[in-house]
Structure formats: structure tokens, C-alpha cells
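Participant: Before I ask anything, here is the structure I am working with.
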Amino acid sequence: MNLLTVLQGIHRLQDLSKESTEQSTSPSDAGLPSEAKSSPLPVFNYDEVTKHRSLEDGIWVTYKGGVYDITEFVAMHPGGNKILLAAGGALEPFWALYAVHDQEYVLEILSQYKVGELSVEDQKKQEDTKASDPYASDPERHPVLRVNCKKPFNAEPPSEILTESYITPHVFFFKRNHLPVPQVDPASYRLQVEGLPGGELSLSLEDLKTQFPKHTVTAAMQCAGNRRSDMNNIKEVQGLNWGVSAIGNAKWGGTRLRDVLLAAGFGPEVANWARHVHFEGLDKDVTGTAYGTSIPISKAISEEGDVLLAYEMNGEDLPPDHGFPLRVVVPGVVGARNVKWLGRIVISAEESASHWQQHDYKGFSPGTDWSKVDPKSAPAIQELPIQSAITVPADGAVIDRSEETLTVKGYAWSGGGREVVRVDVSLDGGNTWQVAQLRNGDEGETTEPSPPPGRAWAWKLWELTAPLPPQAEELEIICKAVDNSYNVQPDTILPIWNLRGLLNNAWHRVKVRVRED
Ligand SMILES: Nc1nc2c(c(=O)[nH]1)N[C@H]1C(S)=C(S)[C@@H](COP(=O)(O)O)O[C@H]1N2
Ligand SMILES: [Mo]
């Protein structure tokens with residue numbers, strides 16, 4: 001019994017609860033066996049639910065306002081361990097991952113485990129409890145996320161979840177915030193465009209949606225600090241300890257930045273002096289300084305650059321954590337330049353003067369330490385290098401010899417629109433290599449058409465199923481990708497180590513143990 005099977009059951013449960021709520025008077029009747037309907041179930045707060053995340057404390061999950069105690073179910077079904085990822089939180093986002101599948105029998109099992117209702121207040125989400133806390137109005141996040149920092153909120157999904165779907169649901173998309181999430185009223189929101197001959201242009205969300213054609217781009221976004229923890233393990237670095245999941249792949253919808261710049265008066269004269277486009281967020285620190293960065297004007301204005309002012313992520317309004325109501329999506333370029341809660345765009349001859357452009361997000365030699373580092377000596381990171389990582393199996397996993405074959409999964413992506421053309425996988429520490437199968441869509445579905453040359457913005461998922469090497473007690477699994485410029489990943493971390501732990505794209509290695517029967 002795995003998570004998939006559980007979710008298949010829950011899928012059915014939702015259909016059923018929809019039917020029964022239509023006829024019943026109380027929402028607590030939804031999906032319950034008839035005997036239970038006479039006695040209303042207790043109401044729990046979300047805080048109570050999140051306390052139940054292990055077999056010892058019980059495993060609770062919420063679904064559609066109902067609270068389920070599935071401890072017994074998980075205990076009875078070895079292999080049901082993936083459901084633990086949902087423990088203490090909502091099942092919906094997991095269900096959304098697997099909604100294409102369907103099976104009935106788990107429904108019957110699961111519906112018996114309903115123990116209560118989630119309190120109405122918690123269903124509506126918390127109001128600001130402590131007005132003094134600038135993070136009090138931050139959105140709710142799913143407890144499955146591995147939190148690197150709570151305030152500001154920085155978190156990534158477990159790697160096994162990351163490659164379950166080609167398009168990363170926003171709930172599982174890594175969140176990288178430098179400041180509190182600003183609350184922006186979409187009705188009064190205005191985007192300021194400055195520095196062009198026509199004077200300042202002020203656009204409402206409605207203007208952006210109606211005055212310009214809508215464009216969608218499937219693009220991966222990766223933080224420069226992705227895989228920092230491996231670099232940190234070699235020699236200490238400064239920064240959030242990201243695993244391999246500070247990356248995600250989404251379908252972004254919005255207005256082309258190019259169209260807005262042209263409407264604001266960009267032309268040949270401006271092209272003579274303009275070199276950079278600055279982006280400023282609406283998130284501000286205590287001194288009133290907003291998050292900001294810049295990109296080269298060539299990327300912003302190019303028809304092939306596909307830079308978006310995105311108001312949609314995966315077909316829905318941008319979620320608060322990802323920049324509601326508007327963010328920049330700069331495909332092929334480091335996450336840091338993809339400014340969220342975008343308030344201002346400035347065309348300039350100079351790069352942004354912000355801390356994040358001038359002092360951070362730069363790469364240095366392994367020999368540079370904090371006493372020697374000169375930020376001015378290095379360019380700002382824009383396009384990212386070739387990258388790949390193993391998401392399944394997890395490091396330290398134990399595999400039974402009786403399995404005979406091993407399936408390895410992961411993602412691969414390169415910056416600057418370069419397309420990943422191959423992923424090599426080794427099961428023996430790099431002595432022998434096999435070529436993994438690449439895909440640019442979900443399993444069993446039609447894949448997206450190949451991107452035009454130089455515009456491969458999305459990641460590729462890859463998979464290799466191979467016989468377990470005989471005799472080996474421990475396997476060192478390695479992956480490395482190649483892009484269409486034949487760029488490859490470096491084999492080890494030490495030669496690319498840098499004091500901020502950025503740009504770790506060394507071969508990714510995980511160790512697994514093989515258990516004899
Ligand atoms: N306004 C604003 N934009 C921002 C940031 C931020 O803190 N504030 N973080 C940046 C960084 S470093 C990254 S990696 C991405 C992360 O985007 P995500 O949270 O949608 O995954 O947003 C970028 N844009
Ligand atoms: Mo980042």
C-alpha cells in the first residue's frame with residue numbers, strides 16, 4: 001500500500017462527500033457511514049492536527065474540512081510510509097498529484113477513520129494574531145515542506161515528491177523569501193514602469209490582462225543556493241541549507257515584458273543607452289528597502305527571451321508566496337532575478353544598485369575567503385549552469401536484494417535556454433554508466449512539443465531502471481547531465497566550492513544499502 005493507493009481512495013471520497021453534502025444539513029455528515037451521522041464529531045484546531053505526525057502520536061490528516069486518524073491504516077500497511085509526508089496536514093495537494101488515478105476500495109477503508117472536523121476558523125485560515133509580527137499575515141504552508149527558515153519563510157519539498165509530476169504544484173514549489181510576504185490588494189495594485197521617454201507608465205492588473213496578449217511559458221526556476229547542503233558538508237558555507245529541491249517547474253501565464261516595454265516607449269534611441277532592467281518588489285525590510293535586482297536589457301527585450309510579467313502559475317492566480325499579484329519570470333536565469341510582488345520596473349544604463357545584485361548572488365574562487373572577498377570582482381549570476389539531481393532513491397535508502405532491479409529518478413535542467421540532451425547514471429560510483437530516459441511531460445501523457453532551439457526553459461525528468469549490481473552491499477548512485485552546448489557537470493564539489501555555497505552543480509551522488517534476504 002503506498003501513497004498513491006491511499007490517494008486513489010481519497011479521490012473517490014471527495015466525489016462521495018460532494019454528493020452527500022448536497023443532501024445533508026450538516027457538513028460533518030460528508031462521506032460518513034450512516035451510523036456515525038447521528039453523533040456529531042468533535043471539532044479540532046489545525047494546531048491539534050499538526051501534533052499528530054508519527055505512529056507514536058498518531059497520524060492525522062485533514063481532507064475537505066474533515067479530520068482523519070489514519071494511524072492504524074498506516075501501521076497495517078507497510079510501505080504506506082509515503083503517506084507520512086502528509087501527516088499533520090492537508091491531503092488535497094497530494095491528491096491533486098495523483099488525481100488521474102482511480103480506485104475504490106481504499107475509500108471504504110479511509111472513511112472509517114474520520115475522527116472530527118476542522119474548526120471553522122482554521123478552515124478559513126488564521127487572521128493576524130500578533131499584529132506586531134511582520135510575518136503574522138504570511139500564508140499557510142503545507143507541513144510536508146522542509147523548512148530551512150521560518151521567518152522569512154524558506155522551504156523545499158522532499159525530493160521524492162518533487163519529481164512525481166512534471167509541473168510542480170504550487171504547494172510543493174520551493175519558497176524562497178527574504179522578507180515577509182506583502183499583502184497586495186489586486187484592485188488598487190499598480191505596476192510602475194520608469195526610465196522611458198514617455199514618462200512614467202502606471203498599469204493596473206486589469207490593464208496588464210486586457211491591453212496585452214496573454215503568453216504562457218513552461219519554465220523551471222532554481223535558486224542559486226540549490227544543493228548548498230552538499231557544499232556545506234565539504235566545507236562550511238554561509239546560507240540556507242537547501243537540499244536538491246530548491247527548484248521547480250511551472251506553467252507561467254502573463255504579459256510579455258517586451259510588450260510592456262515597447263508600449264512604454266522603448267525604441268532605437270533607448271536601445272542606444274539602456275543596458276539593464278531593474279525590478280523592485282513590494283516586500284520591504286524595516287528600513288523600507290525593497291527586494292530588487294536587474295537583468296540585461298537584451299534578455300528583457302528579445303522576442304526569444306520569453307521574459308514574463310506573470311499573473312498566473314499553473315493556470316491559477318499567482319499564490320501569495322510566489323508573488324501575487326505579479327512577478328517577473330526570467331526563463332533560464334537564476335531564481336533571484338525572478339522578482340515577486342513586482343512594484344516597479346526601471347530601464348537604466350546601470351545594473352540595480354541593490355544588495356542582491358551587487359553583494360550577493362555572485363560566484364567566487366574556492367580560494368576566496370571572507371577576508372579576501374571583493375563583490376565587485378565578480379559578475380552577478382544570471383544564466384545558470386547545467387544541473388541534475390537524483391530524487392529517488394533517497395540518500396541512505398535500503399533496498400532489498402530480492403527487488404532485482406532498481407529505479408532511479410531525477411530532474412535535469414540547464415540555464416540560458418540550453419536543452420538537456422542526455423543524463424548519465426552510474427550505480428557503481430562512476431565506473432560504469434547508463435543513459436537515462438528523458439521526458440518532458442507526465443508519465444503516460446502526451447509530452448510537450450520540443451522547445452525551439454535556445455528556448456528550452458523547462459526541466460526534464462529522467463528515469464533509469466536497471467538490474468541491481470550483483471554482490472554490492474552499498475551502491476553509490478551518481479547522475480550527471482549534458483546540455484546541447486555539451487556543457488557537463490563537474491565531478492566533485494571541492495573545485496567549485498565558494499564561501500556562499502552557490503552554484504553547486506557537481507555530479508549528484510546518493511548512497512543506498514542493499515539488504516540480503
Ligand atoms: N520580491 C522578492 N522577489 C524574490 C525574492 C524575494 O525575497 N522577494 N526571492 C528571490 C529568490 S532568491 C528566488 S530563488 C525566487 C524564489 O521564487 P519562489 O519563492 O517562487 O520559488 O524568488 C526571487 N524573487
Ligand atoms: Mo534564490
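Participant: Sort the following peptides by mean Cβ neighbour count (other Cβ atoms within 10 Å, averaged over residues), highest first: 323-331, 464-472.
Facilitator: On the way: 323-331: 24.3, 464-472: 13.1.
Per-residue Cβ counts within 10 Å, averaged per peptide and sorted highest first, yield 323-331, 464-472.
Participant: So how much slack lies between residue 376 and residue 271, counting 0.36 nm per residue of separation and subtracting their Cα-Cα distance, in nm?
Facilitator: On the way: separation 105, 0.36 × 105 = 37.80 nm, distance 2.55 nm.
Taking residue 376 through residue 271 to full extension adds about 35.3 nm, to one decimal.
Participant: What is the extension gain from residue 492 to residue 349, computed as 0.36 nm multiplied by their sequence separation minus the C-alpha to C-alpha distance, in nm to one decimal?
Facilitator: Values: separation 143, 0.36 × 143 = 51.48 nm, distance 3.86 nm.
Additional length available on full extension: 47.6 nm.
Participant: Just need the Rg to Rh number for segment 243-334, please, alpha carbons only, Kirkwood Rh.
Facilitator: Reported Rg/Rh (Cα atoms, Kirkwood Rh): 1.00.
Participant: Using modelled backbone amide H atoms (1.01 Å from N, in-plane), which distant-in-sequence or interchain residues come within less than 5 Å of residue 115's amide H?
Facilitator: 67, 68, 69
Participant: Extending each Cα 7 Å along its Cβ direction at residue 359 and residue 428, get the distance between those two points in nm, one decimal.
Facilitator: It works out to 5.2 nm between the two label points.
Participant: If you average the C-alpha positions of segment 503-517 and of segment 318-379 separately, how far apart do those two centres end up, in angstrom?
Facilitator: Taking the Cα centre of segment 318-379 as reference, the centre of segment 503-517 is 32 Å away.
Participant: Bins of 10 Å, beginning at zero and ending with the bin holding the largest distance: percent of Cα pairs per bin for segment 165-247, please.
Facilitator: 13, 26, 31, 20, 9, 0
Participant: Report, in whole Å, the centroid distance computed from the Cα atoms of segment 463-489 and segment 198-233.
Facilitator: Answer, in whole Å: 33.
Participant: Through the Karplus equation 6.51 cos²θ - 1.76 cosθ + 1.60, θ set to phi - 60°, convert the phi angles of segment 147-159 into ³J(HN,Hα) values in whole Hz; use x for Gly and Pro.
Facilitator: Taking θ as phi minus 60°, the curve returns 7, 8, 7, 7, 9, x, 7, 9, 7, 9, x, x, 4 Hz for segment 147-159.
Participant: Continuing with the same structure: Filter the chymotrypsin sites (Phe, Trp or Tyr not before Pro) in segment 365-430 to those in DSSP coil with at most 13 other Cβ atoms within 10 Å of their Cβ, and list the result.
Facilitator: Those that pass, being in a loop and sparsely packed, are 370.
Participant: Pairs 340/376; 372/511; 175/409; 114/340: which are spaced more than 32 Å apart, C-alpha to C-alpha?
Facilitator: On the way: 340/376 25 Å; 372/511 36 Å; 175/409 23 Å; 114/340 39 Å.
From 340/376; 372/511; 175/409; 114/340, over 32 Å: 372/511; 114/340.
Participant: When averaged across all projection directions, what area in nm² does the alpha-carbon convex hull of segment 190-377 cover?
Facilitator: Orientation-averaged projected area of the Cα hull: 11.9 nm².
Participant: Go through 48-56, 379-387 and give me the packing order, highest mean Cβ count within 10 Å leading.
Facilitator: Final packing ranking: 379-387, 48-56.
Participant: Report the Rg/Rh value for segment 387-515, based on alpha-carbon coordinates and the Kirkwood definition of Rh. Can you show the working numbers first?
Facilitator: Working: Rg = 15.4 Å, Rh = 15.5 Å.
My calculation of the ratio gives 0.99.
Rule-based calculations on the coordinates, nothing more; no lab input. Computed from a predicted model, the values in this text were never measured in an experiment. Glycine also receives a Cβ, built like all others from the backbone with ideal geometry; neighbour counts cover every protein chain displayed.
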